Amino acid sequence: MKNRLLAVVGVFAILAVICSTGNADEGMWLYNHFPAKQVQQKYGFLPTQQWLDHLRLGSVRFNNGGSGSFVSPNGLTFTNHHVAQVCLAGLSTEKKDLYKTGFYAKTEAEEARCPDLELNQLVGIEDVTARVQDAVKPGMSEAKAGQARRAVEAAIESDCTKSTGLRCDVVTLYAGGMYSVYKYKKYTDVRLVFAPEFNAAFFGGDPDNFEYPRYDLDITFFRVYEKGKPANLGDNYLKFAHGGVGDNELIFVSGNPGTTSRLNTMSQLKLLRDTAYPNRLDYLKRLDYVLTNWSKQSSENARRAQENIFGIENSIKALTGYESGLKDQRLIARKQQEEKRLRDYVNSDTKRKAEYGDPWSAVTTAEQKYGEFYMPFALYASATGLRPMGFPGALNQFARILVLGAAQRQMPNPERLAEFRQSALASLEQQLFSTAPVYKDLDTVEFAEALKFMQEKLGGNNEQLKKILNGKTPAEAAKYYIGNTHLQDIAIRKQLWEGGQKAIEASNDPLIGMMREIEPYAYGLLKRYQDEVQSPERTAGATLAKIRFAKEGTNTYPDATFTLRLSYGATKGYTDNGEGIVPAGTKLPYFTEIRGAYKHAADFNNKPPYDLPESWMAANSKVKLDTPLNIAETADIIGGNSGSPVVNKQGEVVGIIFDGNIQSLPWDFVYDDTIGRSIQVDTRGIVEALHTIYHADRVVEELMGMKAKGAAAK
């Protein structure tokens, strides 16, 4: 009864502070607790529940790590080119490189099915805080408490999936202060409709990434199908606006921000700054170096590695920005003061001190333990268990899913890892049986560097690494395992998956054998993380949430969890401080024009990465050069928001998020819109490019509900 009462009190505390006034335009807000009155007070517009529901149902999550929206009643779906790259790579061949050529299906019959994309539409949210917290009984150890939470989460997901037929995920919010089950309709038949060339989508390349001004057409259109036909979405789609947005105009961003660390304690931030970020950056920079050099050996190597290099370099720049934020003494001082205010609030009252205790010490102890095994954990296990740093590439991941999955599926559903629960298996199987091409040479290069990295970080006496290498050099071992595996064959993967533990034990595939050998060790690290880090931090996180709500209610939204959120802000220029690509003091307008792309290319003699594709050069005399292309705004975003629709007060799409400027990267920890900006591709630029440059009039007519001529209204 006490646990239930605390759970209910905690939820009501959250609901009470949700309506309080936040800072500026800060907030990645829960859809079921959006501060509509706060928006009305500042901007004079009140989002109604009907308005919010329509926007939620028109938004979609790309399960490979991005966001998007439905933009026609016939299943047309909209996201970024860089979110779509997994499909573009899966459909490309040596003779048909969609990165270079782009893609346009002139007819429905030409729309090409992606190998393994899953799109999720959020159709319901249910609070399950009391049920999860009730599972933890007085006197339980942290390990047992964690097991109890995971068991009830599995039961909730299973019950929900069985009763609704939907994908159901239990989501932890406020670091354990609230739990909700998110119910999704899944779309797994996703077909490519239009994508520009990589050079147009990522114009300016890595040097311009996380910069402003920008001139990118970072877009791709898909179509979702059901039973072999375009999905009939009814009214659950977002119309393209026939006009654009002006300066200081209210906009909303609906998307799935990945992770933020705004509620982290100082000890958690310290581990990120001193351990996690430096090691991750070291690893990524080394992979970037070897893949870049490998790409130079042939055009085919470059094609095969392009998606990986893009992702790696994007991560390097993002992590560098996050790390710089934690090295900024002003930011650290602000976080220290936030924590001190909460500590003083608890310690100044005997009753509060007795009620709340010292959750910060519990987190510190957990982080100290985490630091003791962080490196082997990150290399062998990782928080998900499926993508550890030490085992990159598609083939390693297949082997890990097969070996771990065989053992997990023998366990009762409540005891399994989240990825292997009954409710999640269909999504996992789609990934495992993907028809996307597998490149052994690419996997070999990545695995060799990862093994070399492991050898340097763990030392030559690590027993598991000695078993993997078996007297070979990292390069020799990678060549042996990847060269001799047969997991590139879908039929082999299906045979091993369906055969379960017996098939895994009987397999003589070297990659399966390697994973089979190290899996007990890797799984042990994962269990240690769950018991010694995750569980105590969930317990402490729930207490910290209650303290924060009781004290001030200023953090009125939870950290990002790759679930649907709604942000708001205004289109707005700024004066640069010199951290970006322009000199300090430069006044930057809120928008750029298509003409700027041509000028930017000319300034660099149209040399990579500033080389506009032939389609753009041919249309130079026809395109409306003063059409807005990219726009800066104050809406609160982070990685995972890529592809998020930007809508106006009418709920119409006026753009699509594709980036933030360099000054927005510390938003992972603290939001500040002084010069931090999110950046969108403007719909006027999109329609003008589709019509004049690409002659994709079928798409324009579907988007605009009108003939393509003159569709890019200003």
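The values are calculated or read from the model by the stated rules, or taken from the named source; none is laboratory data. As the structure is a computational prediction, the values presented were derived from the model and not from experiment. Please note: Cβ atoms are built from the backbone with ideal geometry, for glycine as well, and neighbour counts cover all protein chains shown.
For the range 369-404: of the residues being surrounded by fewer than 21 Cβ atoms within 10 Å (Cβ to Cβ) and at pLDDT below 95, which is nearest to GLU505 (Cα to Cα)? Within the range 369-404, the match that is nearest to GLU505 (Cα to Cα) is LEU386. Answer yes or no: is there a residue in the range 218-233 that is at pLDDT 95 or above, surrounded by fewer than 24 Cβ atoms within 10 Å (Cβ to Cβ), touching a helix residue (DSSP H, G or I) at 6+ places or on another chain (Cβ under 7 Å) and more than 25 Å from GLN430 (Cβ to Cβ). No, because not a single residue in the range 218-233 is at pLDDT 95 or above, surrounded by fewer than 24 Cβ atoms within 10 Å (Cβ to Cβ), touching a helix residue (DSSP H, G or I) at 6+ places or on another chain (Cβ under 7 Å) and more than 25 Å from GLN430 (Cβ to Cβ).
In the range 642-672, the residue that is farthest from MET704 (Cα to Cα) out of those that are in contact with a Gly (Cβ under 7 Å, 6 or more places away or on another chain) and in a loop (DSSP other than H, G, I, E, B) is PHE669. For the range 290-325, filtering for residues that are of a type outside the set (A, V, I, L, M) and in contact with a Gly (Cβ under 7 Å, 6 or more places away or on another chain) leaves 0. Every listed requirement among (1) touching a strand residue (DSSP E or B) at 6+ places or on another chain (Cβ under 6 Å); (2) not in a helix (DSSP H, G or I) is met by VAL132 save one, (2). Residues that are within 32 Å of the chain's Cα centre (by Cα) and free of Cβ contacts under 8 Å to residues at least 60 places away in the same chain within the range 492-512 comprise ILE492, GLN495, GLU498, listed in sequence order. At least 2 residues being touching a Gly at 6+ places or on another chain (Cβ under 9 Å) is the threshold, and among the helices (runs of 4 or more DSSP H) wholly inside the range 348-435 those reaching it are 359-380, 394-408, 425-432. Using the structure shown, decide if GLN121 is in a strand (DSSP E or B) and either under 22 Å from the mean Cα position of the chain (by Cα) or buried (at least 20 other Cβ atoms within 10 Å of the Cβ) (or both). In short, yes. For the condition in a loop (DSSP other than H, G, I, E, B), surrounded by 22 or more Cβ atoms within 10 Å (Cβ to Cβ), among the hydrophobic types (A, V, I, L, M, F, W, C) and out of contact with any Cys (no Cβ under 6 Å at 6 or more places or on another chain), ALA584 does not qualify.
Per the listing GLU532, GLU579, the residue uniquely in contact with a helix residue (DSSP H, G or I) (Cβ under 7 Å, 6 or more places away or on another chain), in contact (Cβ under 8 Å) with a residue 12 or more places away in the chain, part of a helix (DSSP H, G or I) and among the charged types (D, E, K, R) is GLU532.
As a summary of the residue check, ARG167 satisfies the conditions (1) farther than 18 Å from ASN256 by Cα; (2) surrounded by fewer than 24 Cβ atoms within 10 Å (Cβ to Cβ) except for the one numbered (1). Regarding the range 157-169, can at least one residue be identified that is more than 24 Å from the chain's Cα centre (by Cα) and in a loop (DSSP other than H, G, I, E, B)? Yes: one or more hits. ASN236 satisfies every condition listed in (1) touching a helix residue (DSSP H, G or I) at 6+ places or on another chain (Cβ under 6 Å); (2) within 30 Å of PHE669 (Cα to Cα) except (2).
Restricting the range 619-655 to residues that are touching a helix residue (DSSP H, G or I) at 6+ places or on another chain (Cβ under 9 Å) and free of Cβ contacts under 8 Å to residues at least 40 places away in the same chain leaves a set whose member that is farthest from SER59 (Cα to Cα) is ASN620. Can you find even one residue in the range 91-101 that is over 30 Å from ALA200 (Cβ atoms), touching a Ser or Thr at 6+ places or on another chain (Cβ under 7 Å) and not basic (Lys, Arg)? Within the range 91-101, none of the residues are over 30 Å from ALA200 (Cβ atoms), touching a Ser or Thr at 6+ places or on another chain (Cβ under 7 Å) and not basic (Lys, Arg). When GLY705 is tested against the conditions (1) farther than 24 Å from MET617 by Cβ; (2) at pLDDT 95 or above; (3) surrounded by fewer than 23 Cβ atoms within 10 Å (Cβ to Cβ), the lone failure is (2).
Looking across the range 436-460, just one residue is farther than 19 Å from PRO392 by Cβ and either touching a helix residue (DSSP H, G or I) at 6+ places or on another chain (Cβ under 8 Å) or outside any loop (DSSP other than H, G, I, E, B) (or both), and that is GLY460.
Among the residues of the range 139-167, which ones are in contact (Cβ under 8 Å) with a residue 60 or more places away in the chain and either small (Gly, Ala, Ser) or touching a Leu at 6+ places or on another chain (Cβ under 8 Å) (or both)? Once the filter is applied, which keeps residues that are in contact (Cβ under 8 Å) with a residue 60 or more places away in the chain and either small (Gly, Ala, Ser) or touching a Leu at 6+ places or on another chain (Cβ under 8 Å) (or both), the range 139-167 yields ALA143, ALA145, GLY146, ALA151, ALA154, ALA155, SER158, CYS160.
Among the residues of this structure, ARG304 counts as one that is surrounded by 19 or more Cβ atoms within 10 Å (Cβ to Cβ), in a helix (DSSP H, G or I) and either under 27 Å from the mean Cα position of the chain (by Cα) or among the aromatic types (Phe, Trp, Tyr) (or both). Based on what the data block shows, is GLY676 closer than 30 Å to VAL699 by Cα and within 30 Å of the chain's Cα centre (by Cα)? No, not satisfied.
In the range 34-75, how many residues are farther than 16 Å from ILE251 by Cβ and aromatic (Phe, Trp, Tyr)? Counting residues in the range 34-75 that are farther than 16 Å from ILE251 by Cβ and aromatic (Phe, Trp, Tyr) gives 2. For the range 451-487, a tally of residues being more than 15 Å from MET514 (Cα to Cα), buried (at least 17 other Cβ atoms within 10 Å of the Cβ) and of a type in the set (A, V, I, L, M) returns 2. Against the test of being within 30 Å of TYR568 (Cα to Cα) and outside any loop (DSSP other than H, G, I, E, B), the options THR320, THR292 yield a single qualifying residue, THR320.
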